[in-house]
Amino acid sequence: MSAKPRIPKSLEQRLQDCETHLYFLWDARRLYPAQEDRFKQIAAELRILVCETRTNHPLLLKLMEEFAFPFDVQPPGPPFDKQPITMVGWRDDPAHKQLTAEVQAAIGDEQKLSQVLQRQASLRRPVPFREYVEKSLAVFIAPYDYSYRELILAVAQQVGSSHEDLTVEEPLIKMQHVRLAGHQGHIAPLIVFTELVLEVGRLFVEFLVQTQNYEPRYYKQQHAEPGAAADGGGM
């Protein structure tokens, strides 16, 4: 049987789809404290919005790029204001290994330690949102690094709403037995990351309202404040 023809979605439809999935993500996050299994929906929505794969074109990332809407993730503040954003593979980076060794060697010598930490601070930089998704470190479980993209895909496609696989990566199983800030180890980083994605999404919708006369369904137009949906809910 020949392949069925496909028709591209309009830009307006894609924008509405993106806002809808941001709302679904917000709602799953809202319900998660009382229904911990909502992490499955959280991971699935994050996959749709920000994960590039061979078959998945991330709604939020792609639209941000099409509209030239930049967003940089800033390095951490105090008490980590001497540290850059940690990226996947940092333990194997020769420069990082040397700097770590110098920090350890300088402990006890305040002047020398201050100098080394200032050199470390010079490596700080804002990280573009796509690079942050794909290359920043979400979690380390020896000997494996997971970027946010890798962790989202692992959860969504093995134990999430996208797919319940017959086998699960061993590091994912190990993370399930660790609690971080009250969350399972494979979920904790996704909860923090979800807050970032929702903020980026809010700012993007605000940008569309201001520059494209976009009429949001889940956000109030004035200042793009979270607003009430038709059924009384809202972001």
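The values are calculated or read from the model by the stated rules, or taken from the named source; none is laboratory data. If you're wondering where the values come from, they're calculated on a predicted model, not measured in any experiment. A quick note on method: Cβ atoms are made from the backbone with ideal geometry, for glycine too, and the neighbour counts reach across all protein chains shown. These accessible areas exclude ligands, DNA and RNA; they are computed on the full protein's heavy atoms, side chains included. Shrake-Rupley method; radii C 1.70, N 1.55, O 1.52, S 1.80 Å.
Observations, loosely collected:
- In the chain, the calculated helix contribution to ellipticity at 222 nm averages -15500 deg cm²/dmol per residue, counting -39,500 (n - 2.57) for every DSSP H run with n ≥ 4.
- Tail weight of P(r) past 29 Å, computed on alpha-carbon pairs of the chain, percent: 39
- On region 75-125, 55 percent of the accessible area sits on carbon and sulfur atoms, based on a 1.4 Å probe.
- For region 38-49, 3J(HN,Hα) per residue [Karplus equation, 6.51 cos²θ - 1.76 cosθ + 1.60, θ = phi - 60°, Hz, x = Gly/Pro]: 4, 4, 4, 6, 4, 4, 5, 5, 4, 4, 5, 7
- In the full protein context, region 91-224 carries 56 Å² of accessible surface per residue, based on a 1.4 Å probe and ignoring ligands, DNA and RNA.
- Alpha-carbon radius of gyration plus Dmax, which is the widest Cα pair, for region 75-125 in Å: 11.0, 30
- Karplus-derived HN-Hα couplings along region 74-84 (A = 6.51, B = -1.76, C = 1.60, θ = phi - 60°), whole Hz, x at Gly and Pro: 7, x, x, x, x, x, 10, 7, 9, 10, x
- 14 Å Cα-Cα reach of LYS112 towards aspartates and glutamates, excluding residues that sit fewer than 8 places from it in its own chain: GLU102
- Where a label projected 7 Å from the Cα of ASP72 along Cα→Cβ would reach, residues of region 170-197 with amide N under 20 Å: 196-197
- Mean separation of Cα contacts under 8 Å, 6 or more apart, over the residue count of region 75-125: relative contact order %: 49
- Among PRO79, PRO216, PRO70: highest mean-square fluctuation, GNM of the chain, C-alpha pairs under 10 Å: PRO79
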